[in-house]
1. In percent, how large is the relative contact order of the chain, given Cα pairs closer than 8 Å and 6 or more residues apart?
2. On each of the three principal axes of the Cα atoms of the range 202-275, give max minus min coordinate, whole Å, ordered largest first.
3. As I understand it, the value is the acute angle between the Cα axis of helix 69-85 and the longest principal axis of the Cα atoms of the chain; what does it come to in degrees, rounded to 10?
4. With angles folded into 0 to 90 degrees, how steeply does helix 533-542 sit against the dominant principal axis of the chain? Use alpha carbons for both and round to 10.
5. Could you give the dipole magnitude of the range 283-466 about its Cα centre, charging the beta-carbon of Lys and Arg +1 and that of Asp and Glu -1, in debye to the nearest 20?
6. Determine the distance separating the Cα centre of the range 42-74 from the Cα centre of the range 292-306; give it in Å without decimals.
7. Short version: ³J(HN,Hα) in whole Hz for each residue of the range 301-307, in order, from phi by Karplus 6.51 cos²θ - 1.76 cosθ + 1.60 (θ = phi - 60°), x for Gly and Pro, what are they?
8. Compare the Cα positions of N252, L131, L217 along the charge dipole of the chain (+1 at Cβ of Lys, Arg; -1 at Cβ of Asp, Glu; about the Cα centre) and return the one farthest towards the positive end.
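The values are calculated or read from the model by the stated rules, or taken from the named source; none is laboratory data. Everything numeric in this text was worked out from a predicted model, so none of it was measured. Heads up, the Cβs are rebuilt from the backbone with ideal geometry, glycines too, and the neighbour counts pull from every protein chain shown. Heavy atoms of the whole protein, side chains included, go into the accessibility calculation; ligands, DNA and RNA do not. Shrake-Rupley method; radii C 1.70, N 1.55, O 1.52, S 1.80 Å.
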Amino acid sequence: MILENPIPPFQEWIGKAALSWAIAVLVLAALAFVVSFVLLLVFKGTKQAGTVFKTGVSDAWNDLIHFSWKRCFAVAGLAIRESVRKKVVVVGVVFIILLMFGGWFLDPDSKDPARLCASFVYQTTTYLVLLLALFLSSLSLPTDFKTKTIYTLVTKPVRSSEIVLGRIIGIGAVGTVILMLMACCSYFFVSNTLSHTHILNDAEDLTYVTDADPSTLAPDTVIAKGYTRLANGHKHQVEKYASGDLRVFEENKHIHGIEQTVRDGMVRYKIGPERGSLQAKVPLYGKIKFRNADSFERPRGINVGEEWEYRSYIAGATDEAIIWTFEGITPKKFAEGLPVEMTISVFRTHMGNIEKTIMGAMYVRNPVTGLTAETHVFNSEKYTTKALTIPVELNKSKVKTKPWVVKKMSDSESFGVQSASLPSKESYNLFEDFVVDGKLEIWLQCLDSQQYFGAAGPDLYLRAADANVFLNFFKGYLGVWQQMLIVISFGILFSTFLSGPVAMASTFGIIVAGFSKQLFIEIAHLQSLGGGPVESFNRLITHQNMMIDLPNTFSTHLGQTFDHIAGAFLSIIGLALPSFSDFNYYADCVANGYSVSSNAILVHLLTTVSFVAPLFVFAYVILRNREVAK
C-alpha cells in the first residue's frame, strides 16, 4: 500500500501536535478578544466598552461552570426528532438502491475484486454521509429561526453552549446510526459479491502428464495439471500430486480449498468458497536507506526520471542495495521465520525479452557485525506483490563471512575490520547470529545488468499477524465517521450567523477545500505549476505556457507581488482546514487488505477533537451574541 505521508507514532506526534494546536488556539483566542474589544469601543464607546466586555467574559465563564449535560442531551433529543422528521431514512434507502445496482457496473474481470468492491462501498458511503451531515447541520439553526422554534427554546433555562453542543451530539447520533446501517449493508454486499466457487471435473479439466503408478512416484510429483471452470470472470490453475493432494493456485488475489472424494468409482472434487480476498494483514514496517556503488549510505537512491518521486532506484549488477532496518524482532513473534511481503518497482533501460522477469536477491544482515546471508533469489515484475519467508535456520553455504559495509559520509567506514573475515560456524540461526537487540537488516539487490529496482519504505514489510477481517471492515468506517463530525461542526458554526442556503454553500466549500487541502497549500506557497492565482490568470489570458518565464515587466512583478500577499492569507486559511484526504487511510487499508492500526485511529481521533472543540466554542460565542440568544 502506498503511504506517501506515513502516520507518525503517537508518542512522537502528540507533543508537536499539541503544542501547535495550543499556539493556534491561543492566537485565535487573543485575536477574538482584541477584535471584540475594538468593536465594543466603536459601538459602545470608551466608557461602556470595558464594562460590557467584562460582563461578557464573566457570563461566558458562568455558562461554562453551570453547563448541564441533562439539558444538552434534551436538545440532542430534539435534534434527533427533527432529523427523523426530515426523512433522513431516505439516505439509507438511496444507499441500498446503489448497492443493489452497483454490482451491475463493477468489472467482473477485475484482477483485484476485493479492492474494487471495498472502494465502491466506502466512497459511496463517504459522499452520502457527508451530504447528509451537510444538510442536517447547516439547516438546523436557520430552520429554527425561520419557524420561531428558537424563541421558545431560549425562554427555557437552556444556555447557548448547550444548544450548540446538543445539536452537534444529536445530528452526530443520527449520522452514526445511519453509518452503522450502511456498514452492515456494505459488508453483506462485499461478502456476497466476492463469494463464489468453481467446478472441476477430473476427466475434462485435468490433463495427466504421466502414466506411471502414483504409488511409485515421490509424493510431491505432479501427475496432472489443469484449470477450473470459469466463475466470476476467472479460472484457477490446479495441480494434482502423486500423494493425491491437489493445489489451487492463487488468482485475482484469492485461493480456494479443494477436497477429492471417490463416489461410485468416480473421482469428484469439491472446491470450497474463496479465501483471502478480504484480509487484515498487520505489517511491521522498517526504516529504509540506500547504499550506492561506493558503499556509502544515502537517504535516497537513483532518480530514473520518473515524475513521481515516491520511489528511489538502485542499479542492477552493482554493489548498490536497498536496505530496510527492522526493530522488535523476537523468536516469540516469528517462531516459524520472517514472512516478508514486497512490491518492488522495476525500471528497464532496454526491453530485451519482455516475457523475462528481472532477477533480484534478498539478504539478511547483522547490523552490528555485518554478517550477511543470502536467503532468496527471486524474479520480480513491476508492482507485483511477492511473498517470501526467511527461515530460522540458514544455509551455511549462503552465509558471507566477510562483513558487508555501509559507509557514512562522516566516517571512513563502518567497521575497522572491513577486510577481515568473521569466524565461520557449522550452522547459523537467524535470531542468534543476525538479530541484535531485536534489530535486523534486510537487503535487496538487482542482479540484472542495466536494469533497476525501485522501492519506498512501505514497499517491503514483515507480515507480523492477521487481524479479524470482520472487525477491520467496520474499523474502516471510522474515517467516514470522523469526517462526518467535522462537517457537522462546521455546519453548526455557519448556521449560527448565516442563512440556510449560505451556510450550506459555506459548509460545502469546506468539504471541497478539505479534500484538496494539499493543492490549496501548494497554491498558497506558490509551489503549483504556473504560479499563484494572479500569475495563472495572467498566463491564461495571454496564452503563456506554464513552463516558461513571464516577460520581465511591471505588470508581471505586480501580479507576483499580489500572489505573495494572497499566499500569506491562504496559508493561514489552509492550516485551519481539515485534511479530509488523510482520512482515506482507513478505506485504503481495508481495500488493500491491511489492518487499520490503533496508532492511526488515536492520531485521527485527536485530530477530529482538535477541530470539533474550537468550532463548538466559536459557534457558542456567535450564537450567544445574537440577539435571540440573550
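1. Numbers: 1006 pairs, mean separation 106.5, N = 630.
RCO, the chain: 17 percent.
2. For the range 202-275, the Cα extents along the three principal axes come out at 37, 27, 19 Å.
3. Tilt relative to the chain: about 80 degrees.
4. 80 degrees
5. 140 debye
6. The distance from the Cα centre of the range 42-74 to that of the range 292-306 comes to 62 Å.
7. So the J values, rounded to whole Hz, are x, 7, 8, 8, x, 6, 5.
8. Of the listed residues, the answer is L131.
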